[in-house]
C-alpha cells in the first residue's frame, strides 16, 4: 500500500515568516438569508495568516429595518459594531470602515507561541536542547542528538537514529501549563526530514487536573518510502476546556533517522497558566493515586463487529453490521456500493460515491460492545480515493443520553489511487458510554474503505497506566464469543485442557511481579511451564507456591507464580508464545459440575482486581471411529510440553480420539520437547517440519527496489535461481543442517511456508531481473528501465514473471531437500484461488505470486489458507480449487478463539465456535478436500475436541461417497420451504428469510445408485427449511451415521423437505424405490 496525500499536512509557508497582509475582496452581489433572496448586498471577504472569514453587509432588504437584518455576522463578536455602524453610512464609507476594522483585527491577532524553544536554538551547557528531553517507550533503543550539520533553519535540529525495531524513541517537550476554560483552536507545525524512516508520528498529549489522558492527539502519521528532504507539516487542533498541562512528543517508532526542526504550537490568545523558567524541565504530575489505571480492565480485542465487511455478497446490499449515514441537512446525493473481491479475491470494500449536493456521505460500523469511560483507542482503516474523493474518519463519544460529548477527526486522505493506511488515535471522554464511528467521503469523487479495526491503544495504555502489565487467561477469555461474553473453560475429566496466561506490558516497571490463582479445593494444578522455547525464557519450569485461602466463603487454594520467566520477553503487545502454561485436574467428576477460579496480578504493593473463569468438567470423550481416507491434524501443539510424561499421555489422548494427532517439530534443541516428540511418534502421531526460504537469504545479492536501493529483507530472485554455485554451496548445505538439527526422520514431511506477499510492487528492479524479464516476455530492455515502466506498462507480465520466480525458488528448495533425503515428503502452504474467474486469479497472483497450478508439480500435497473464508464461500472456493488442482488439497481454517489477542484482526464473522468448526470440517470433506488442518492448534477448549470428533465420526460413515462417488449437485434443485413455517415454528427457532441462500449450501454424491445429500446451514441464529427436488419418482431416506431409516415410508421426489438447525449439517442417503442395495 502506498501513501496518499493527507490534506493540509504540508505547507509552503517559509518558517519564521509572519504575514499580516490582508486580502479584502468586495463585490456587489446577490445572496440568500434564511432561504430569502436578497439583492444589493456587499460580500466582503478578508483573509490573513490568522483569520479566514467573510460576512455580508446588507444595504437594502425589503421588509426589514436595518436593525433587524438577519445578515449580522454572529460569529464575529469583537466586530459586532462594525456592520451595525456601517449600515447607516454611504456604501463606500461602509466599505472603508469595514476594511480598516478587519486590518486592525488581523493585526491584533498575532499568535501566541506556547512552546519553549521550538526553534531548537537554545541549548544548555552540556549541549542538550532547552525545553526538550529524550525518552523511549517499550524498551526502544536509539541515539538522540542535537544535529548542527543537518537542520532546516538556524543552527540546530533534533535528531533520532534507530537500528532496531522494538519500542519507539522520541523527543519530548517540557510540560506547558495551561488554563483553558473554553474550546480553543491551536496551530501545530513541524519541519521533518527522514532517511529510511518509514513511520514517524507526532503526538500532543493534554492532561487535566484529574486525568492524565484528557486528550491524546496524533496530528501527523508519516509513512511511505521513508526517504524525503525537509517537509513542513501543519494542522490545527482543538483543545478541550479543562486542559491543564500539554506536551509534544516527536516520535520514531521505526528504524532509520529522522530530524525535527522549527516546531510551533500557537494559539490566537495566551492560554498559558503563567510564565515559567524556560530552562526548567517540568514533568507532568502523576495521575491521581486514588483512581489507578489498570490495563487488565481493558478489552484488547478488535471492537468492530464486521471488520472485513464480509458476508454473502449481493448487488445492492450492505455487509452485515454496516449502515449508511446521509443526514438530510447535508443534502448529499450519493451512492454506497458493496465491492466484492476488492482489493483482492475473498476481500471486500465499501465504495462511497458522491453524485451531487453536500460533500458528505459516510458508512457506520457496529461495535461488538460499548466503550465506557476514559480510554485511549486506535481506529485504523485502509481507504483509496478516485476523482476527487476525500477519506476521513470521525468518532463521536456519546453519553448516557446518547448525546455527542466529544468528536475526533482524522487527517484527510486524497489522491490515493491504491489503498493506504489511515489512523485515528483518540482518547474517549470520561463520561463516554458508547462511540459512533463514521468512515466518510467529504470530497466530490469516490472513496473505498477496506478493513476497519478499533482497538485499545496498547502503547498509550502502558505509557500512562499505574499498573505496568496485563494478563489474559486463554482460551477461556477467547471463548467469550460463544459463551455469552463469559470467560469459560471446558476440560475433560480424563484428559486435561491446557491453559495459558498470556502477558504483555512495560518490562521496565516490573517490581516483583506475580501471577496469582485462587482455585476451589478439589481442583489441582499438577504442573506449569513457561511456553516460550527461545532464550532467555528457555521453556523453564514455572515454579509456584500454594496456601489455603477462602473465596466466597468456600475453601480455595492460592497458587502464586513469582516473577515468571516469560516476563523476560515481555512486550507491549502480546505475542503467540509468551504464555505461562498449566492445566487443571479435578479429583472427581460430577455431571454438570462447574467450578469458578480467579486470577489476578501483583506488582510491588499494587494488586489488580481478580477475574473469574468458569471451569466446566466434561465426561471422557466418547470412543468413535475416525475416517480412513479423510486426514486431519494440527499445526502447533506446544501447550502439551509438560515434564511429567504420564500427564502428557493423559493430555494427548483427546487429540488421538478426535483424529487430530499431528504437530510441527519445533523444539529449539530442548531435550524435554524432543522427548515428547519421540513419545508422540511412538503413539503414531504425524510429525512434520516447517520450512521456508531461509537458505536463499544467504545470498550476497539483495533485491533492488524502485529507487535503486538494496532491500534489507529480500534477495535478488534472478540470482538465486540461476547461480549453480550458490545452489551447491549455500542452499543444499543450509537445508542439510536444518534437517539434521530438527531431526526429521525418513518419510516425514517438510511443510514449506513461503509467503512472498505483495512483493511484485516492491522488488526486484536490478539489471539482472530486468534482463531476465525482458528475455522471458520478449520486451525491449529500453522499455523497462524503471519500476514505473514495468508497473505502468507491463504489470500483467510482471505478475506472471514473479509467479515464475517463486515457482523456481520452490523447485530448488524441493530439489535440495530431496538430495539430502529423498524419502522426505513435500507440502506447501498457499492460498485458494478463484480459478473460475481468470481476471480475479491474475489480480490475486499479482498481490501474492504463488500459483498453485505451477507449484503443485513439486509437491505431494497443498495446504490452502481458509483463514478468511468460511461457510458457503468456503465450500465454493474449495470446490473450485479441487477441480483445478491435481494434488491432494487440505483446508486450513483459523481457530482464532484459541488466542484472540493475536487474532484481533479477525472479526466476529470469521471466528469459529465449536459448532461452526464442525460445519467447516464437513465443508472441507464434502467439497473434495483430502483433509483439514485447524490452525494453529494450541489451547483448544474441550468443546472443540467434541465438535471435531463428532464431525470425524460422521465423515467416517460417508467418506466413500466423497472419495469414490460422483458429484451430482446439478441433479438437484433446492428451494426455501415456504409452506412449512408453522411446522418449523414449533421447534422454537426463527427461520431464514428471503436471503436464505447466503447461509445454506448442499452437496450431492452418487455411489452405487444411492445419493448422499450433505445439507449445510451456516447461519448462527436461524434455522433453515428447504425443499429438495431430484430427478426420480420416490426415495427412501436413511441416516448414514446412525444406520437407520429416516422415514417410515418412501418419499416422493417433489416432497423432499428438510429442517436444518442453526450452525448444523445434516446427512441423508437417498435410495430410489425399487432398487435393491
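The values are calculated or read from the model by the stated rules, or taken from the named source; none is laboratory data. Since we're looking at a predicted model, the values are computed, not measured. Ideal geometry is used to build each Cβ from the backbone, glycine not excepted, and the neighbour counts take in all protein chains shown.
Values as computed for the structure displayed
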| item | result |
| --- | --- |
| Qualifying positions in the stretch 538-548 - in contact (Cβ under 8 Å) with a residue 24 or more places away in the chain and surrounded by fewer than 19 Cβ atoms within 10 Å (Cβ to Cβ) | 538, 540, 541 |
| Filtered residues of the stretch 643-659 (kept if part of a loop (DSSP other than H, G, I, E, B) and under 23 Å from residue 539 (Cβ atoms)) | 643, 644 |
| Search result, residues across the stretch 396-409 that are in a strand (DSSP E or B) and over 10 Å from residue 432 (Cβ atoms) | 404, 407, 408, 409 |
| So residue 1070, is it touching a strand residue (DSSP E or B) at 6+ places or on another chain (Cβ under 6 Å), closer than 20 Å to residue 959 by Cα and in contact (Cβ under 8 Å) with a residue 60 or more places away in the chain | yes |
| Test: residue in the stretch 665-675 that is outside any helix (DSSP H, G or I) and within 17 Å of residue 633 (Cα to Cα) | yes |
| Residue among 224, 256, 242 that alone is at positive phi, surrounded by 16 or more Cβ atoms within 10 Å (Cβ to Cβ) and at pLDDT below 85 | 224 |
| Residue 339 vs. criteria surrounded by fewer than 18 Cβ atoms within 10 Å (Cβ to Cβ), assigned to a strand (DSSP E or B), touching a strand residue (DSSP E or B) at 6+ places or on another chain (Cβ under 8 Å) and in contact (Cβ under 8 Å) with a residue 60 or more places away in the chain | yes |
| The one condition in (1) more than 17 Å from residue 706 (Cα to Cα); (2) in contact with a helix residue (DSSP H, G or I) (Cβ under 7 Å, 6 or more places away or on another chain) that residue 800 fails to fulfil | (2) |
| Restricting the stretch 364-390 to residues that are without any contact (Cβ under 8 Å) to a residue 60 or more places away in the chain and within 22 Å of residue 334 (Cα to Cα), the residue that is surrounded by the fewest Cβ atoms within 10 Å (Cβ to Cβ) | 387 |
| Matching entry among 143, 172 (being modelled with pLDDT of 90 or more, within 15 Å of residue 246 (Cα to Cα) and not assigned by TED's automatic domain parsing to the domain that holds residue 406) | 172 |
| Residues located in the stretch 930-983, provided they are assigned to a loop (DSSP other than H, G, I, E, B) and in contact (Cβ under 8 Å) with a residue 60 or more places away in the chain | 930, 933, 934, 936, 937, 938, 939, 940, 941, 977 |
| Qualifying residue in the stretch 195-202 (condition: in contact (Cβ under 8 Å) with a residue 24 or more places away in the chain and on the phi > 0 side of the Ramachandran plot) | yes |
| Which listed residue is surrounded by 20 or more Cβ atoms within 10 Å (Cβ to Cβ), in contact with a helix residue (DSSP H, G or I) (Cβ under 9 Å, 6 or more places away or on another chain), at negative phi and in contact (Cβ under 8 Å) with a residue 60 or more places away in the chain, from 869, 852 | 869 |
| Helices (runs of 4 or more DSSP H) within the stretch 805-888 that include 2 or more residues under 18 Å from residue 759 (Cα atoms) and modelled with pLDDT of 95 or more | 852-855 |
| Residues of the stretch 1020-1040 classified as touching a residue at least 60 places away in the same chain (Cβ under 8 Å) and closer than 30 Å to residue 993 by Cβ, total | 2 |
| Those residues of the stretch 225-251 which are within 30 Å of the chain's Cα centre (by Cα) and in a loop (DSSP other than H, G, I, E, B), in sequence order | 225, 226 |
| Leading residue by the ranking (surrounded by the fewest Cβ atoms within 10 Å (Cβ to Cβ)) among those in the stretch 649-688 that are touching a helix residue (DSSP H, G or I) at 6+ places or on another chain (Cβ under 9 Å) and more than 22 Å from residue 940 (Cβ to Cβ) | 669 |
| Residue list for the stretch 712-754, filter: in a strand (DSSP E or B) and surrounded by fewer than 17 Cβ atoms within 10 Å (Cβ to Cβ) | 712, 713 |
| Total residues in the stretch 185-218, condition part of a strand (DSSP E or B) and either more than 25 Å from the chain's Cα centre (by Cα) or modelled with pLDDT of 85 or more (or both) | 19 |
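Here's the yes/no breakdown for (1) crowded, with 20+ Cβ neighbours inside 10 Å; (2) in contact (Cβ under 8 Å) with a residue 24 or more places away in the chain; (3) out of contact with any helix residue (DSSP H, G or I) (no Cβ under 7 Å at 6 or more places or on another chain); (4) farther than 23 Å from residue 227 by Cα:
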position: 153; (1), (2), (3), (4): no, yes, yes, no
position: 158; (1), (2), (3), (4): yes, yes, yes, no
position: 178; (1), (2), (3), (4): yes, yes, yes, yes
position: 186; (1), (2), (3), (4): yes, yes, yes, yes
position: 192; (1), (2), (3), (4): yes, yes, yes, no
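Per-residue answers, yes or no, for (1) assigned by TED's automatic domain parsing to the domain that holds residue 348; (2) within 23 Å of residue 340 (Cα to Cα):
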position: 418; (1), (2): yes, yes
position: 429; (1), (2): yes, no
position: 434; (1), (2): yes, no
position: 438; (1), (2): yes, yes
position: 451; (1), (2): yes, yes
position: 481; (1), (2): no, no
position: 484; (1), (2): no, no
